[in-house]
Amino acid sequence: MIRYIAQKEILETMLSLRFGLAVILSVLLFSVSSLVFITDYQRQTNEYREQMNHSRKEMLDRSDHLYELALYKQTVYRKPKPLSFCSTGATRAIPNAYRFNIFSREIPEKKSRPDTILMKAYEVDWVFIISVVMSFVALTFTFDRICGEKEKGVLRLIMSGPIPRYTVILGKYCGAMVAVSVPIGVGVLTSLIIVSGAKSVHFTSEDWQKISILFFMMLLYGSIFIHLGLLISARMVRSDSSMVVLLFLWVGLVILVPYLGRTVAEIVRPIPTRAMVLKKQAAIDTLTLDNAIAGKYGPNAASWGPSLSQGKYNPAARRRYFNDGNEKRNQLLDDYITQMRGQFNFACQFSRLSPTGAFRQACARLVGSGAVHFTDMYYQVRNYQDRLRKRIQEVDAKDPDSLHLLYEDRDTAYHWKTMSHKPIALEHIPIFREQSLAVGKALGHAIYDIGLLCVLNIVLFCGVFIAFVRCDLR
Amino acid sequence: MQGVEAGSTTRNGMMVWNVAKKEFLLNVVTLKFVTGSLLCLALSACIMPVLVESYKQDFNEYTINKTANERELKKAKVYQNIVPRVYRKPSVLSVFASVEEGSTCSTYQIDSQWETEADLHQLSTQGMDFLRALFPVVDITFVFEIIISALALMLAHDLVSGERECGTLKLSLSNSISRSELILGKVIAGGGLLFLPVAAIYLTALTALWISGVFHIGRHEWICVLMMSGLTWLYVSMVFNVGLFISCLCRKEASSLVAGLFCWVFMVFMVPNLGAHWASYWGDRVSSEEQSLQVDDLKVRREQEIKGVAMGGMQMLAQGAYGKQYLMLCDSQWLISGCKGYPVTEPIKNRYFNMKLDVELYYLKKQVKQMHLASLLHTCSPTRVYRNMMSLLAGSDPEGALRFLQSVRAYANEVFDFLKQSTDHYRNPAYFTPCREGDFALFIGLPRHATRQEVVDTVKAIRKKGVEHFKQKYDRFIQNVPSLELKGFPRFGSEGLSVADKVRGILPTVLITIALNIVVLVLTFVKFMRYDVR
């Protein structure tokens, strides 16, 4: 019986104007976003390759002297993700370049991104299409499923037969679910055909697994709005009242709550601006210089000359002076990143009040894009920095001519040989390799949001069930 | 006959008024109108304090920075250290239409000896703020763009098709009322209905501004607020008319609702995002890294050009205005070489500074060009057109950054001209040092006219002994050096566009919008004339 009711619902929906509009919209949007992605991805990949080769070449040029390599500020870039057409996570706006040497790190920056002052509320990726457009489509498919049939008198006729109410509601849900899956499926298929057909994009088996999980999440998300549509439809008497309520609910859940996450986070967790952080860094430099002049690190920490033989200089004190400054600056940056992360997490937590927020977070974590990836990359860079420093210390320890005082001062490194001047073989230099999250781990990060979507589905289904069972069919 | 005609006109007018009154009263008490209006008011009341607070913070920072800049100017003891910082005044109207992310260029330093890439301009435009990247801003324009437009559509979608389904349309037209009068009444009622929430939201916003103590709203701002409210009403009326037109196309209320909502999603979400997407795809690539490389190249070329100019001698440096060092004391060799060298190097540096500004302007213009390309695509979406016009009136449009930079360029030339005139084209030693011939010799304890060899020998002896005992004398000397008077020094004034300029800016778009509105109304009339009311 459920099958017959579902079949009837599917046919009714597919023969309506709204279904045709939804399929056309879906194909159009998915195609456009895929085409734009391919060109963008190709350019990003070429640029990434050039940048990393350039960085490698610069390191090779400096490998003739260990101290040059130690002082060299290399830049590593975030690798473009082949799945960013699914969830960009505002990648264009987030910094992608991390500049550092073994002593200090700079504030990450955006480099080689096409800067634009065009306002885009969202990137047109899968997440946008599903979270904004398809959720709306799901509501238009279901807003009059119950109240519309009640108005026409059809529901009374159906229920006059020996059909339990739960069968009817299950049938309606299944029918609506299949009807919504069709435009989503067609759109996703179109997008995958376009993207996988491009020469520059190569999916691994892990990528395909992630795409499958994403598709499941899309259906989960769409199902929430189907339940919502059925629930309001069951509670309302007239279909236009049902649409009004659903429209305002949709605006609230899909637009307002996610947007308000920022406003609330800025109030509850304010963070300093970048300019303030740079000012603080400059203040640290001034403070450490004053301390050095005052003799806090030892006598003559602030002075230097070309020759150590005069006996006026103190390399050990100078090392303490420089390293103290670097530690404070690095700590400041780490604190800034932590504060930013805290503010961002708070905004995400707030936006999870809406299923749209949870869905977006889940997609970004699964694909490995957005702010989560940025901070993850920052910590990877930090770990790499530690590994590189240890390696350089090991090589330096083998040189008897070196003073083995590693600190960030080119002049003294050159004149006093505080670090080794011997060459280092390139194969002994650890190379930074960005680690993408495996499917299991990515799923682990996204599991909270996926769980939230499942719970919402269950809760809303119970609500629909109860509302329909108690619905007056007259 | 004329009396009969006049009476007929009056009767027609009364009919239109009665229809409008009926539609107005019918809809003003419906669930959709009440819910939509209350939602908008509540949202505006919640976000206004946040927006106002943000504006107040920006304004305070602007005031503090401006004061700090004046303080630094007063500290300048040599003309070389005059490197003023300029700031863009935040607009109080930005609470209505916030600055679009990525378009901020709010500060600059006029320093022809720019050293580092990370100057203030770069700082303000490169953000690492995830929230701004991932969560777009909610301002008053957003409330109108999304919620009021949805409300307008909900009000309009069943005015014709809904009445046809109920049978009341047949009844209305069976009386002595023409179709044109009926539809006109509905249009007037819609305009009147939508005026209420628009006016209420603006009043709420202005009240929130007043309560927060933001009083510096002048005549210019009031005119802009009036224009904004007029534009808003025009925008929501357009959405209403589109909804009414769709209602005339459909026979069933449900069909007109679905069709209307798809149009709304298309206009409000898809076209703005797709337009921006396509513009960044088809338009010229604009990369800040290319810009940085060009600026670095300029720096290298500048250094090459001034490399051959030798200036030097014995010197004592001191910390001056804007954290820059200056020659507190120098010997005659420095004085002579400086007076010969600076007239050569400074014009070169000024030229390269202007070239740097030109590079930045070029890239900003490219971005603006992309924006104009997107605007072409956005003409299918009244939402985006509306947002552009509101941003222009609020002074938060992306072209504001371009105008600011153009003002900075003009101001930089004024500053350079002032420095040239005050120092006789950089020939006056006051450009680089407050000291005069013989001051250095006097400071180290020699007579004013001591020879160079005597000065060199004395300095060597002092260095051997150590300079600690000179420290007090040095500190006293610095304190006694007077600051420059700076009479006639130009001040930066970037007050944004005047009301006339803003009107000129939005006028073509407003006229096009009004024309489109009229076209939609005409189509609605034509369609309703042929509408089957059975």
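The values are calculated or read from the model by the stated rules, or taken from the named source; none is laboratory data. None of these values were measured; they are calculated from a predicted model. Methodologically, a virtual Cβ is constructed for each residue, glycine included, from the backbone with ideal geometry; neighbour enumeration extends over all protein chains shown. For the accessible areas, the whole protein counts, side chains as well, though only heavy atoms, and no ligand, DNA or RNA atoms are used. Shrake-Rupley method; radii C 1.70, N 1.55, O 1.52, S 1.80 Å.
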The lone condition B:F195 fails out of (1) more than 24 Å from B:G36 (Cβ to Cβ); (2) in a helix (DSSP H, G or I) is (1)
What single numbered condition from (1) crowded, with 16+ Cβ neighbours inside 10 Å; (2) within 17 Å of A:S31 (Cβ to Cβ) fails to hold for A:Y221? (2)
Please state which one of A:L366, A:L406 is away from chain B (no Cβ under 14 Å), surrounded by 21 or more Cβ atoms within 10 Å (Cβ to Cβ) and in a loop (DSSP other than H, G, I, E, B). A:L406
Within the range A:371-387, identify whether any single residue is farther than 20 Å from A:L443 by Cα, outside any loop (DSSP other than H, G, I, E, B) and touching a strand residue (DSSP E or B) at 6+ places or on another chain (Cβ under 6 Å), and answer yes or no. yes
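Every residue, every condition in (1) without any contact (Cβ under 8 Å) to a residue 24 or more places away in the chain; (2) under 23 Å from the mean Cα position of the chain (by Cα); (3) open to solvent by 40 Å² or more (accessible area, probe 1.4 Å), yes or no:
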residue	(1), (2), (3)
A:F143	no, no, no
A:G153	yes, no, no
A:Y173	no, no, yes
A:P183	no, no, no
A:T190	no, no, no
Extreme residue, most open to solvent (accessible area, probe 1.4 Å), among residues of the range B:198-229 that are assigned to a helix (DSSP H, G or I) and of a type in the set (S, T, Y): B:T207
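Would you confirm, using the coordinates I've provided, whether A:I158 is away from every other protein chain (no Cβ under 12 Å) and either at pLDDT 80 or above or not in a strand (DSSP E or B) (or both)? So that I can check it myself, show each step before the final result.
Details: away from every other protein chain (no Cβ under 12 Å): yes; either at pLDDT 80 or above or not in a strand (DSSP E or B) (or both): yes.
Here the answer is yes, as A:I158 does meet what is asked.
Taking the conditions exactly as written (open to solvent by less than 40 Å² (accessible area, probe 1.4 Å), within 11 Å of chain B (Cβ to nearest Cβ) and of a type in the set (F, W, Y)), does A:Y297 satisfy them or not?
Numbers: open to solvent by less than 40 Å² (accessible area, probe 1.4 Å): yes; within 11 Å of chain B (Cβ to nearest Cβ): no; of a type in the set (F, W, Y): yes.
In short, no.
So which of A:L308, A:L249, A:L289, A:L333 is more than 10 Å from chain B (Cβ to nearest Cβ) and surrounded by fewer than 15 Cβ atoms within 10 Å (Cβ to Cβ)? Explain how you work it out, then say what you get.
Values: A:L308 fails: surrounded by fewer than 15 Cβ atoms within 10 Å (Cβ to Cβ); A:L249 fails: surrounded by fewer than 15 Cβ atoms within 10 Å (Cβ to Cβ); A:L333 fails: surrounded by fewer than 15 Cβ atoms within 10 Å (Cβ to Cβ).
One residue alone meets the criteria, A:L289.
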Cross-chain or 6+ apart pairs with Cβ under 8 Å, the range A:118-133 first and assigned to a helix (DSSP H, G or I), then at pLDDT below 80: A:F128/A:Y122; A:F128/B:N273; A:V132/A:Y122; A:V132/B:F269; A:V133/B:F269; A:V133/B:M270
Kindly check whether there is at least one residue in the range A:319-328 that is open to solvent by 40 Å² or more (accessible area, probe 1.4 Å) and within 14 Å of chain B (Cβ to nearest Cβ). no
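Can you find a residue in the range A:442-455 that is under 25 Å from A:T356 (Cβ atoms) and outside any helix (DSSP H, G or I)?
Step one: of the range A:442-455, the residues under 25 Å from A:T356 (Cβ atoms) are A:442-455.
In the following step, the residues that additionally are outside any helix (DSSP H, G or I) were identified as none.
No, every residue in the range A:442-455 fails to be under 25 Å from A:T356 (Cβ atoms) and outside any helix (DSSP H, G or I).
In the list A:R269, A:R319, A:R329, which residue meets the criterion of being farther than 30 Å from A:E151 by Cβ and at pLDDT below 85? Break it down into steps so the answer makes sense when it comes.
Working: A:R319 fails: at pLDDT below 85; A:R329 fails: at pLDDT below 85.
Checking each option against the conditions leaves just A:R269.
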Just to verify a result, which residue in the range A:233-246, among those that are more than 7 Å from chain B (Cβ to nearest Cβ) and among the hydrophobic types (A, V, I, L, M, F, W, C), is nearest to A:S135 (Cα to Cα)? A:L246
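Specify which of the listed residues (B:L405, B:L393) is in a helix (DSSP H, G or I), within 14 Å of another protein chain (Cβ to nearest Cβ) and over 30 Å from A:K312 (Cα atoms). Talk me through it step by step, then tell me what you get.
Values: B:L393 fails: within 14 Å of another protein chain (Cβ to nearest Cβ).
Criteria check complete, one pass: B:L405.
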Among the numbered criteria (1) facing another protein chain (nearest Cβ under 10 Å); (2) more than 20 Å from B:I146 (Cβ to Cβ); (3) open to solvent by 10 Å² or more (accessible area, probe 1.4 Å), which single criterion is violated by B:R384? (2)
For B:F440, state whether it is assigned to a helix (DSSP H, G or I), aromatic (F, W, Y) and open to solvent by less than 40 Å² (accessible area, probe 1.4 Å). yes
Quick one: B:S256 ticks every box in (1) within 13 Å of another protein chain (Cβ to nearest Cβ); (2) open to solvent by 10 Å² or more (accessible area, probe 1.4 Å); (3) in contact (Cβ under 8 Å) with a residue 24 or more places away in the chain; (4) over 23 Å from the mean Cα position of the chain (by Cα) except a single one, so which number is it? (2)
In the range A:252-269, residue least open to solvent (accessible area, probe 1.4 Å) [restricted to those that are more than 7 Å from every other protein chain (Cβ to nearest Cβ) and more than 11 Å from A:S354 (Cβ to Cβ)]: A:V264
Limited to the range A:28-50, what total is found for residues that are within 13 Å of another protein chain (Cβ to nearest Cβ) and either of a type in the set (A, V, I, L, M, F, W, C) or without any contact (Cβ under 8 Å) to a residue 12 or more places away in the chain (or both)? 13
Meets criteria (away from every other protein chain (no Cβ under 14 Å), acidic (D, E) and either open to solvent by less than 60 Å² (accessible area, probe 1.4 Å) or within 38 Å of the chain's Cα centre (by Cα) (or both)) for B:E414: yes
Please verify whether the range A:272-285 includes one or more residues that are open to solvent by 40 Å² or more (accessible area, probe 1.4 Å), at the interface with another protein chain (Cβ under 9 Å from one of its Cβ atoms) and within 30 Å of B:V143 (Cβ to Cβ). yes
Are there any pairs, at least 6 apart or on different chains, whose C-beta atoms fall under 6 Å, with the first in the range A:445-468 and under 25 Å from A:M236 (Cα atoms) and the second open to solvent by 50 Å² or more (accessible area, probe 1.4 Å), and if so, which? A:A467/A:R235; A:F468/A:R165
Taking B:E117 as the residue in question, decide whether it is closer than 30 Å to B:L231 by Cβ, surrounded by fewer than 19 Cβ atoms within 10 Å (Cβ to Cβ) and either at the interface with another protein chain (Cβ under 9 Å from one of its Cβ atoms) or modelled with pLDDT under 75 (or both). no
